[in-house]
Amino acid sequence: MEIETVCKPIASSSHQGKETNPLMFGTTLRTRLILEHGETVEEEITCPACKGILIDPKACSSCDQYYCQGCLTEILKTGGRCACGVTLRPKEAHKLVKKILSKYKFKCQFADQGCTEAVPYEQVLTHEKSCEYKPTKCEHEFCQAVVLKKDYVDHVMNCGFKKENCPFCLNLCLLCDLEFHQQNCEKRPAVCPGCHTKMFQIEYPNHVQTCELIQETCPECQNLLTRRDLKNHTRVNCVHDLLKKVNKEVNDDIGSLKQILMHLTKKLNEQESFFGIKCVTCEKFACEVSQRSCTGCHKNYCVPCSRSNMKNCKNCEAFICNRCRSSSEICSGCIRRKKAEKRNEVQNGRLSKLPNS
């Protein structure tokens, strides 16, 4: 009997245990074999049933033909025979076969997910069960996400389909709905803004509608009053409150203007050389157009103080303070000019008396 008719290829699901990935058969394992340049696969390590690399090899006790453990189990279920024509009676494979297999290395079946390990034959099953790049389905109900094993813990902890207890009512909710549930939970704590009574969220709307300590705005005077006071808030009270409000605003404006005035006065005093000169009488500052200076002592007076402390010179209309004013009520400049004129007259008179040469 031909071996192809006796040993049919094994379906992927029957070749592995419950925890083994379907891609772990010898056929797919052969495609992941890492060969050096010019190296070939020896015939002894090929299963005649699945045409792949031997996995957990067993031998026929009659002819020493090697089969995968999974393939051999399926052949025995159907009463198949070995290529030699006798009923298969399995035995342990020779150590030499296992030694040949141990020299080969294989790519991880999750290499397309990013795994770069070159796995020895003995560690293939162990590695691929624990590989960090193994796609793993989320354990939460309704979640269809498949993530890499290295990201599995983070996904499970933050999965939207993870169930958590509401901190208020302790009911189980999906994580994606928990925030919305908490905002609308009937047992969520609430506090009345008027009387500050603590209650559940379900009681809050009815309480707020009837609480008399909640503040509302008067439509006339715009004052905030409790509902209890608003009932007794007549139009006369409203006008009175409105006037008080206006009066307060006016007083505040006056206070602000006073502060501005004080600030400007202080600045004016600090800028004496720019804004004006200090009056010697009242010690106030006057700008250049509002101050008068004595032509004798050069002291400065403001206009109001100059009226009682200064006079005009009879000749030149210059200002003279009471201290510098002479009995003739002329300024020192005019006095000096008159003295100069007299000296000139005396000198001219002397020159005219001299004999002609």
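Distance between the modelled labels on residue 232 and residue 168, one decimal in nanometres: 3.6 nm (7 Å Cα→Cβ projection). Under 18 Å of direct C-alpha separation, and excluding same-chain neighbours fewer than eight residues apart, residue 342 reaches these lysines: 353.
I'd like the Kirkwood hydrodynamic radius of the range 40-136, using the inverse of the mean 1/r over distinct C-alpha pairs, in Å. After inverting the pairwise mean of 1/r, the radius is 14.7 Å. A full extension of the chain between residue 118 and residue 335 corresponds to an added length of 65.9 nm, given 0.36 nm per residue minus the alpha carbon distance. Protection proxy ranking for 228-240, 98-110, using the average of other Cβ atoms within 10 Å per residue and placing the highest first: 98-110, 228-240. Using 1/(1 + (r/R0)^6) with R0 = 22 angstrom and r between the beta carbons of residue 217 and residue 183, what's the FRET efficiency to the nearest 0.05? Rounded to the nearest 0.05, the efficiency is 0.20.
Once both labels are positioned 7 Å from their Cα atoms along Cα-to-Cβ, the gap between residue 141 and residue 281 label points is 10.3 nm.
No value in this document is a laboratory result; all are computed from the given coordinates. This one's a predicted model, so the numbers in the text were calculated from it and none came from an experiment. Every residue, glycine among them, receives a Cβ derived from its backbone with ideal geometry; neighbour counts consider all protein chains shown.
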